[in-house]
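The values are calculated or read from the model by the stated rules, or taken from the named source; none is laboratory data. Keep in mind that what you see is a predicted model, and the values were worked out from it rather than measured. So basically every Cβ, Gly included, is an ideal-geometry build from the backbone, and we count neighbours across all protein chains shown.
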Amino acid sequence: MKICVLGLGYMGIPTSLLLAKEHTVIGVDIKESVVQQLNKGIVPFDEPGLKELMKKNKDRFIAKTEVESADVFIISVPTPLEPAMKIADLQYVRAAAEMIYPYLSDGNLVILESTVPPGTTDRLVLPILKKGHTSSFFVAHCPERAIPGNTLHEMIYNDRIIGGINHRSSELTKELYSCFVKGNMFLTDTTTAEFVKLMENTFRDVNIALANEFAQIAEESKINAWEAIGLANKHPRVNILDPGPGVGGHCIAIDPWFLAEHSKSFRLISLARQINDSMPNYVLHAVRDLVQDVNNPVITVLGVAYKADVDDARETPALKFIKLAENEGFQVKVHDPLVESFPYPLLDFEDAVKDSDCLVLITNHAVFRDMNPQIIGEMMHQKNIVDTRNILSLDGWVSAGFSVKLLGKSG
Ligand code: SAJ
């Protein structure tokens, strides 16, 4: 079978390479540089096992900038959020459907994998594909549910939700994915599949907002939120997530708005978004308390990736924190061992820490666990640290003379 995958990003590349185990895959992306890199066998981002998979299956994969005729078309393009209006920007989905349209023929299957507001497959994609077409083809929405950092494993072992415009579309999609998916595949209609994907990420966002609110109340009650959440989670039906400096990434901070887009009733969802979006402000308050007696404070942000051990800084709460800190008059130095491109200069660890008045740990990269407080303290101007992720062993930092603030714990 020949498969054309449109959109060679964090999900499109692994999907293409998994399918290339059995099928001929044409990967299509408008970015010439990505196409060239992939055709040289280079994967443009880090993800466990992906380089090896490229090596194994590259003979059946080729990247191009133009769509061509195929048996199956998979749309895996970005669906960003219009930041000011909080509505989905579906221009790439629309463009992908228009690119496929001239090549559609009888019996083809089109699968939309991008996360979209409920109704998009039926109301936007299908009419573009159909306009005046005489051929009969199949269409389904099959949202991607894998997590960055463990993408390949989850693409293979997670269950999948498949929503076809008719039963045959769902069946054909299931048949196709069964060449690499080992999880269960559940069939439904297009809008339910779109809705389910958004519910999953909204559930996580609301849960994190609750954890963030608990963290703030715990500080007022002079207890440690991390300990309390750990204990509450001993209950068999409770699973509270971790508080932190805010929610980033391309999914959880965005998808709840897609669900809200056509709705009149989204009070809890938007409140959770507000709580999570306000966490950088909360962290700033903690930093302000620590450096209140320092003239012209210099602070060091450790970690700008949106979460641990990835090189991805999309929608990272670190960015809002840095801007707020600059507005406060702080000089901000930034370090991240994994991220390569960021709107602020990324310094190496020593430069970032030297003469600093306060370290602010935003991302829980594993390497930060092993920092040596004694050595770091000697490099700094004032010994202050804020841990927003509860990954440091605080006693060691206190013994080294640091004033320590753990998010979710008073004092
Ligand atoms: N975070 C917390 N506390 C937590 C967990 C996460 O503050 O307890 C923060 C992280 O630091 C990060 C953000 O939330 O900034 C999101 O990270 P994540 O690991 O929760 O999720 P993503 O965005 O990497 O991936 C999610 C996953 N969705 C669910 O687990 C329901 C993934 O399965 C989806 O495929 C992905 O969104 C997507 O593409 O939609």
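Summed over region 47-79, the residues that are exposed (fewer than 15 other Cβ atoms within 10 Å of the Cβ) and touching an Asp or Glu at 6+ places or on another chain (Cβ under 7 Å) give a count of 1. A single entry from 218, 211, 193 fulfils the requirement of being assigned to a helix (DSSP H, G or I), in contact with an Asp or Glu (Cβ under 7 Å, 6 or more places away or on another chain) and either within 16 Å of the ligand (Cβ to nearest atom) or among the β-branched types (Val, Ile, Thr) (or both): 211.
Scanning region 221-270 for residues that are among the charged types (D, E, K, R), part of a loop (DSSP other than H, G, I, E, B) and either surrounded by 20 or more Cβ atoms within 10 Å (Cβ to Cβ) or in contact with a helix residue (DSSP H, G or I) (Cβ under 9 Å, 6 or more places away or on another chain) (or both) returns a single hit, 242. Pairing each residue of region 109-124 that is free of Cβ contacts under 8 Å to residues at least 60 places away in the same chain with any residue that is charged (D, E, K, R), provided the two are 6+ apart or on different chains, yields C-beta distances under 7 Å for 124/94.
If you filter region 101-154 down to residues that are of a type in the set (Gly, Ala, Ser) and buried (at least 16 other Cβ atoms within 10 Å of the Cβ), you find that the one that is farthest from residue 88 (Cα to Cα) is 149. Run down 308, 313, 352, 366 and say which single residue is under 21 Å from residue 243 (Cα atoms) and surrounded by 20 or more Cβ atoms within 10 Å (Cβ to Cβ). When all the criteria are applied, what remains is 313. When region 271-305 is filtered for residues that are among the charged types (D, E, K, R) and either within 12 Å of the ligand (Cβ to nearest atom) or buried (at least 20 other Cβ atoms within 10 Å of the Cβ) (or both), the ones remaining, listed by number, are 273, 277. Can you name every residue in region 370-397 that is surrounded by 13 or more Cβ atoms within 10 Å (Cβ to Cβ) and under 21 Å from residue 244 (Cα atoms)? Result: 371, 384, 385, 386, 387, 388, 389, 390, 391, 392, 394, 397. All conditions but one from (1) on the phi > 0 side of the Ramachandran plot; (2) at pLDDT 95 or above apply to residue 411; the one that does not is (2).
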